[in-house]
Amino acid sequence: MLIKTKHIVIFLLLTAQLVFSQEVTKDCIYIDFESIPNGDLIDDMDIFDQYSDVFGVTFSLEGGIPARLAKVGAPMTAFQGPNNGADTPAAGVDIGDYFLTDNGTVAGLNADPIYVNFLSPMDSVSGCILDMDFGERFVVHALGEFGDIIFADTIFSGSIVNGVNIPGDPGTGDGLCTEWGFRLDECEGSIFSVKLDGFRITSGGFGLGLDNLTFCKFGAKLNVDFEINQTDIICGGESGSISVNTLSTQNLIYSINGAEFVPELNFPEVTEGVYEITVRNDQGCEDVYNISIDDIPEPEIMSIVGADTSCGLDNGIITLVVENGFGVIRYTMDGQNFNTDGVFTNVPPNKPNEVYTIFVEDALMCVDLATVYIAPSPGPEIIGAVQEDASCDLANGEITIGAIAPTSFIEYSLDGGPWQSDSNFTDLAPGDTYNVRIRDEMGCMRDTTVSIGSYPLIEIRDVVETVPECLLDNGTITVTYDGGVGEVEYSIDGGFSYQFSNVFTGLAPGNYQIILKDEKECELIVDAIVPPYICPVYIGNIFAPNGNGFNDFFPVITDLGYPANIIKYSIYDRWGELIYDAENFSIHDNSYYWDGNFKGKTAVLGVYVYLIQVGHLDGSTEYLSGDVTMIK
């Protein structure tokens, strides 16, 4: 869609809300360089296109070099005013604080020309040149679209030549602002730029100062006073449309291709071509616009190629080649998700009797479509993975993979290791996650992950032993535990035989090793000790050492089979005198017991006190004390 104009009307924000000191009227714009759109004024800054977007004008020197902004007062950049005032106008001449200058220097007899360039042609332009004196001359050219001179005006300042005072044009002089301007017949609109060129005939420095620029365009303005709407021929249609509507209060009339002027244009069906629209206002000002109606080809799918899936995966590919269409071409399979490269990847296979429909759509919503079939493919499949956790605190876990493939050939790999035909992996450490990969005869692969844990170990909670009775093998050992797998068996004979009961009975005193074994054959050995039995000891309270073979000595009595030991055996009389003493002898050795003698003679009949220490098999000491009566 193109709009081609003979006279492009400037697009201006003609609103009182503009916050610039420039004055904007309905048809004219006034710029005094006291502010700048979207920026701050800085002395000696470049001025080029800062006024372009808002006011439709740019400033430059020869070769497109930016002009410069000058501030009133020192340092001197353009002229020397009255009383040697640097860049200072005469009293009563108000040029504000800033003006436009050429290259920012005052030197030579010629100034760099300043160009005022309009984005849209103007009907009239005016401004003022600062400080024309000492024989300075300015030539101001109004230029057409191709740089042709439409108008030229030469302004002379006063000078003294050979003692003769030659007056200048009115308005010239030291520190003054000399006005200049051009005005075409209304509606002509052919001034595209203005060139200001200056020189002087008197020695000294020369600079150029421009201020108070005004430019005007009369007539109707596109998108301000009226609008042109047009649609091209799209999506394979047969016609486009053109309509023109008035937006302002101006009384505008319109003509198409030289036909009669009418208040409104509406052509809902026009063929491809260029149409000339003429707009005329009350003053008879006319602007001509060339409107191009184009036949925009709709998008066309030239080819659609589907690459079938492989290895039984969702990895099909659809590729389209599209020609024509307007703007960005988008592609979709579902009407919701779009791409712009025409390639769809990771496409699942179609079900039987189904196809994919691919739509292509351009920026004008013109659509084409095509269908494609993506075939399924065989591939290996992991149908199960069985793991056996590690047991007995060993790296003995196992993984067994169940898999199917198009042929009987399947290989297996664990964690990127070598391939094997066996689906079973052994001797695996617990606590790890393993990656198992399978592949078939075509090299198609599948992966799965399997974690190996560990079965709980047997942990002893308690071991309780009971002491056997005197001279009997009836001790017991009871073992309790936590953990393990399944039912636990127990052995007390080194694993020769096992029982399910955790209690062993009929045990003689001694050291034992109990083996616990669970269903995973994990074993734990625990030590147990059945304590020695302790037989009771007895002692009498009377004896008669008369040599008749009965009660001739004072013994400590116990079962004959019990090998206790007498650690200390002491007899005292009633006054505490030690009568008899023996140590460390067998409880069954009667030769150590007191026979009633004291110092080689029979002791006095009566009551005696004994203190006896008996050592038992379990290492304990039993203390006996009391009195015994010796009789005749």
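The values are calculated or read from the model by the stated rules, or taken from the named source; none is laboratory data. These figures come from a predicted structure and were not determined experimentally. Counting neighbours? That spans all protein chains shown, and the Cβs are built from the backbone with ideal geometry, glycine included. For accessibility, only protein heavy atoms count, side chains too; no ligands or nucleic acids. Shrake-Rupley method; radii C 1.70, N 1.55, O 1.52, S 1.80 Å.
Restricting to region 249-261, and then to whatever is touching a strand residue (DSSP E or B) at 6+ places or on another chain (Cβ under 6 Å) and open to solvent by 30 Å² or more (accessible area, probe 1.4 Å), can you tell me which residue is nearest to residue 288 (Cα to Cα)?
257
Which number in (1) touching a Pro at 6+ places or on another chain (Cβ under 8 Å); (2) at pLDDT below 85; (3) surrounded by fewer than 20 Cβ atoms within 10 Å (Cβ to Cβ); (4) not in a strand (DSSP E or B) marks the one condition that residue 189 misses?
Only one criterion is unmet by residue 189, namely (3).
Across region 565-588, which residue is farthest from the chain's Cα centre (by Cα) among those that are closer than 16 Å to residue 621 by Cα and either of a type in the set (Phe, Trp, Tyr) or crowded, with 19+ Cβ neighbours inside 10 Å (or both)?
569
Would you mind stating whether residue 341 is in contact with a strand residue (DSSP E or B) (Cβ under 9 Å, 6 or more places away or on another chain) and over 30 Å from residue 256 (Cβ atoms)?
Working: in contact with a strand residue (DSSP E or B) (Cβ under 9 Å, 6 or more places away or on another chain): yes; over 30 Å from residue 256 (Cβ atoms): yes.
Against the criterion (in contact with a strand residue (DSSP E or B) (Cβ under 9 Å, 6 or more places away or on another chain) and over 30 Å from residue 256 (Cβ atoms)), residue 341 qualifies.
Which residue pairs have Cβ atoms closer than 7 Å, lie 6 or more positions apart in sequence or on different chains, and pair a first residue in region 292-305 that is under 17 Å from residue 367 (Cβ atoms) with a second residue that is acidic (Asp, Glu) and in a strand (DSSP E or B)?
298/368; 299/368; 300/323; 300/368; 301/368; 302/323
Can you name every residue in region 313-368 that is open to solvent by 40 Å² or more (accessible area, probe 1.4 Å), within 23 Å of residue 236 (Cβ to Cβ), assigned to a strand (DSSP E or B) and hydrophobic (A, V, I, L, M, F, W, C)?
321, 338, 359, 367
Consider residue 562 carefully, then state whether it is open to solvent by 60 Å² or more (accessible area, probe 1.4 Å) and of a type outside the set (Val, Ile, Thr). Give the steps one after another, and end with the answer.
Numbers: open to solvent by 60 Å² or more (accessible area, probe 1.4 Å): no; of a type outside the set (Val, Ile, Thr): yes.
For residue 562, the condition - open to solvent by 60 Å² or more (accessible area, probe 1.4 Å) and of a type outside the set (Val, Ile, Thr) - is not met.
If you take just the strands (runs of 3 or more DSSP E) that sit entirely in region 56-156, which of them hold at least 1 residues that are in contact with a Lys or Arg (Cβ under 8 Å, 6 or more places away or on another chain) and open to solvent by less than 70 Å² (accessible area, probe 1.4 Å)?
Qualifying strands (runs of 3 or more DSSP E): 98-101, 114-122, 124-132, 136-143, 149-156.
Residue check, residue 235 against (1) assigned to a loop (DSSP other than H, G, I, E, B); (2) under 30 Å from residue 194 (Cβ atoms), all met but one. Which one?
(2)
Test each condition in (1) among the aromatic types (Phe, Trp, Tyr); (2) at pLDDT 95 or above; (3) within 25 Å of residue 472 (Cα to Cα); (4) surrounded by 15 or more Cβ atoms within 10 Å (Cβ to Cβ) for residue 623 and report the one that comes out false.
The failed condition is (4).
Taking region 219-232 only, how many residues are open to solvent by less than 50 Å² (accessible area, probe 1.4 Å) and either part of a strand (DSSP E or B) or under 30 Å from residue 283 (Cβ atoms) (or both)?
Residues that pass the stated criteria total 8.
Can you name the strands (runs of 3 or more DSSP E) wholly within region 378-423 that have at least 2 residues being open to solvent by less than 50 Å² (accessible area, probe 1.4 Å) and farther than 29 Å from residue 519 by Cα?
Counting at least 2 such residues, we get 410-414.
So how many residues does region 284-309 have that are at pLDDT 90 or above, surrounded by 15 or more Cβ atoms within 10 Å (Cβ to Cβ) and either assigned to a loop (DSSP other than H, G, I, E, B) or touching a Lys or Arg at 6+ places or on another chain (Cβ under 6 Å) (or both)?
Of the residues in region 284-309, 7 are at pLDDT 90 or above, surrounded by 15 or more Cβ atoms within 10 Å (Cβ to Cβ) and either assigned to a loop (DSSP other than H, G, I, E, B) or touching a Lys or Arg at 6+ places or on another chain (Cβ under 6 Å) (or both).
Taking the condition of being modelled with pLDDT of 90 or more and farther than 12 Å from residue 118 by Cα, how many residues in region 51-63 meet it?
Final tally of qualifying residues: 1.
Restricted to region 262-274, and to residues that are of a type outside the set (Val, Ile, Thr) and more than 26 Å from residue 123 (Cα to Cα), which residue is least open to solvent (accessible area, probe 1.4 Å)? Let's see the steps before the verdict.
Going residue by residue through region 262-274, those that are of a type outside the set (Val, Ile, Thr) are 263-269, 272-273.
Pick out the ones that are also more than 26 Å from residue 123 (Cα to Cα) and you get 264-269, 272-273.
Details: 264: 126, 265: 7, 266: 110, 267: 75, 268: 88, 269: 147, 272: 115, 273: 26 Å².
Once the filter is applied, the top-ranked residue is 265.
It is to be established whether one or more residues within region 589-611 are under 30 Å from residue 532 (Cα atoms), β-branched (Val, Ile, Thr), out of contact with any His (no Cβ under 7 Å at 6 or more places or on another chain) and surrounded by 13 or more Cβ atoms within 10 Å (Cβ to Cβ).
no
Find the residue count for region 116-163, including only residues that are more than 22 Å from residue 50 (Cα to Cα) and hydroxyl-bearing (Ser, Thr, Tyr).
Going through region 116-163 one residue at a time, the tally reaches 3.
Looking at 506, 475, 484, which is the one that is of a type in the set (Gly, Ala, Ser), in contact with a Leu (Cβ under 8 Å, 6 or more places away or on another chain), touching a residue at least 24 places away in the same chain (Cβ under 8 Å) and closer than 20 Å to residue 529 by Cβ?
Criteria check complete, one pass: 475.
For the subset of region 119-154 comprising residues that are touching a strand residue (DSSP E or B) at 6+ places or on another chain (Cβ under 8 Å) and aromatic (Phe, Trp, Tyr), which member is nearest to residue 87 (Cα to Cα)?
134
Matching residues to (1) among the aromatic types (Phe, Trp, Tyr); (2) open to solvent by 40 Å² or more (accessible area, probe 1.4 Å); (3) within 30 Å of residue 427 (Cβ to Cβ):
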residue	(1), (2), (3)
451	no, yes, yes
470	no, no, no
477	no, no, no
489	no, yes, yes
504	yes, no, no
509	no, yes, no
515	no, no, yes
